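Presented below is the structure to which this report refers.
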Amino acid sequence: MEDCLAKKMEITVSEAEKRTGRNAMNIQETYTAYLIETRAVESQSEGQCAPVESLWRRYSEFELLRNYLSVTYPHIVVPPLPEKRADFVWHKLSADNMDPDFVERRRIGLENFLLRVASHPVLCQDKIFYSFLTQEGGWKEMVNETGFQLKADSRLKALNATFRVKNPDKRFTELKHYSDELQSVISHLLRVRARVADRLYGVYKVHGNYGRVFSEWSAIEKEMGDGLQSAGHHMDVYAASIDDILEEEEHYADQLKEYLFYAEALRAVCRKHELMQYDLEMAAQDLTSKKQQCEELATGTVRTFSLKGMTSKLFGQETPEQREAKIKVLEEQIQEGEEQLKSKNLEGRDFVKSAWADIERFKEQKNHDLKEALISYAVMQISMCKKGIQVWTNAKECFSKM
């Protein structure tokens with residue numbers, strides 16, 4: 001971890017800017033660009049002020065970076081991006097992806113994504129990632145030159161592997177089930193939070209009615225007027241505070257959403273292992289079939305029913321020369337198949353070793369982050385309750401002085 005990029009470079013997404021331009025289809029569009037600023041840490045420790053380097057990136061470029069990392073490092077739980085459009089929000093909060101509050105939260109999420117990658121012991125060393133942070137032009141061309149898109153597995157192939165693998169690794173199967181359950185639990189938690197936020201918003205705003213009623217009442221009371229007016233003021237301030245409180249709470253919700261999206265990153269690692277296992281089983285099956293064909297040709301016996309066997313019976317047996325030629329071809333294919341199977345077995349073992357090491361690292365990070373997020377959320381709820389108690393305590397004092 002001492003060599004990770006986050007130790008050598010300060011990385012921030014300092015601001016967001018709404019822009020208008022033309023896309024690849026030459027259609028006018030409005031989008032948000034984010035300013036990435038980086039500064040070397042080494043020169044600062046020597047008492048020098050390192051210059052800040054900056055460049056602008058669109059959300060789609062962050063997506064391209066993450067897709068590249070996911071394909072290039074299939075054994076790694078690649079950090080997720082913040083949501084492109086708001087979800088699980090309380091109804092008074094805008095779900096518009098151009099809304100300033102949402103853009104600000106997404107800016108924080110994009111910075112967190114970059115810091116996650118820069119802190120990862122493997123991903124931080126990727127040259128494409130470093131270019132994303134430091135190279136204004138030509139970055140997309142560098143990514144496309146890697147040919148990563150050709151390495152991406154199709155969804156159909158992944159689905160096929162899921163249902164046809166005969167000997168799945170129990171650990172990855174359990175991890176896949178866990179990621180499904182984690183996503184389900186966090187989704188439910190976020191929905192409950194949004195409903196609670198809606199109700200809380202209503203309760204706070206109703207206190208504004210108290211403020212209005214007390215103020216109107218104070219106008220007709222001489223001895224009680226000042227006390228009622230003061231109590232009404234406390235109610236108005238309390239009612240107005242809910243907007244800022246719930247927007248702050250939305251930041252805690254974003255921390256939970258990150259692990260909602262991490263669940264998919266976990267499943268991606270599991271799917272890649274299923275694909276490797278499926279390829280391994282298919283290679284072993286093909287090798288067994290070729291060995292059987294070679295044995296049948298060598299002995300002149302057919303063990304199983306086949307179209308080839310029926311053809312031989314109908315049109316006569318092959319000549320010794322033809323049989324020898326076919327045996328030679330099969331022997332070469334068998335040798336090649338054995339090498340491929342050996343290579344795939346080795347590749348599979350390396351994948352499992354690397355993947356499980358990263359999964360253990362992820363679990364430790366997850367436990368720490370979710371614990372901190374839930375504690376912070378609880379502290380905020382306690383603070384809100386204390387504020388409500390203080391408002392009514394103040395109102396009580398106002399009434400006592402009447």
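The values are calculated or read from the model by the stated rules, or taken from the named source; none is laboratory data. Nothing here was measured: the structure is a model prediction, and the numbers come from that model. Neighbour counts run over all protein chains shown; Cβ positions are idealised from the backbone, glycine included. Heavy atoms of the whole protein, side chains included, go into the accessibility calculation; ligands, DNA and RNA do not. Shrake-Rupley method; radii C 1.70, N 1.55, O 1.52, S 1.80 Å.
A few points about this structure:
- Neighbourhood charge, 12 Å Cβ-Cβ cut-off, centred on residue 140 and excluding it, Lys, Arg +1 and Asp, Glu -1: -3
- Estimated at the nearest 10 Å², the accessible area of residue 110 is 0 Å² with a 1.4 Å probe.
- Tilt relative to the chain, helix 100-119 - C-alpha long axis, 0 to 90 degrees, to 10: 50
- Residue-level accessible surface for residue 3, protein heavy atoms, 1.4 Å, Å²: 120
- For the chain: accessible area per residue (Å², 1.4 Å): 59
- Choice from 344, 176, 166 with maximal GNM fluctuation in the chain (Cα, 10 Å cutoff): 166
- As a fraction of the 1.4 Å probe accessible area of the stretch 69-208, surface on carbon and sulfur atoms comes out at 55 percent.
- Additional length obtainable on full extension of the chain from residue 164 to residue 17, 0.36 nm per residue less Cα span: 48.1 nm
- Plainly put, the chain has a radius of gyration that is 1.18 times its Kirkwood radius, both from alpha-carbon atoms, as the Rg/Rh ratio.
- Taking 386, 140, 7 and ordering them by how much accessible surface each has at a 1.4 Å probe, largest first, produces 386, 7, 140.
- Rolling a 1.4 Å probe across all protein chains gives residue 296 an accessible area of roughly 40 Å².
- Legend: calculated FRET efficiency, residue 396 to residue 198, from the Cβ-Cβ distance at R0 = 22 Å, rounded to 0.05, equals 0.15.
- Gap separating the Cα centres of the stretch 156-212 and the stretch 352-402, nearest whole Å: 19
- Highest-fluctuation residue, 150, 69, 190 considered, GNM on the chain with Cα pairs under 10 Å: 150
- For the chain, the longest principal axis of the Cα atoms and the long axis of helix 170-218 meet at an angle of about 20 degrees.
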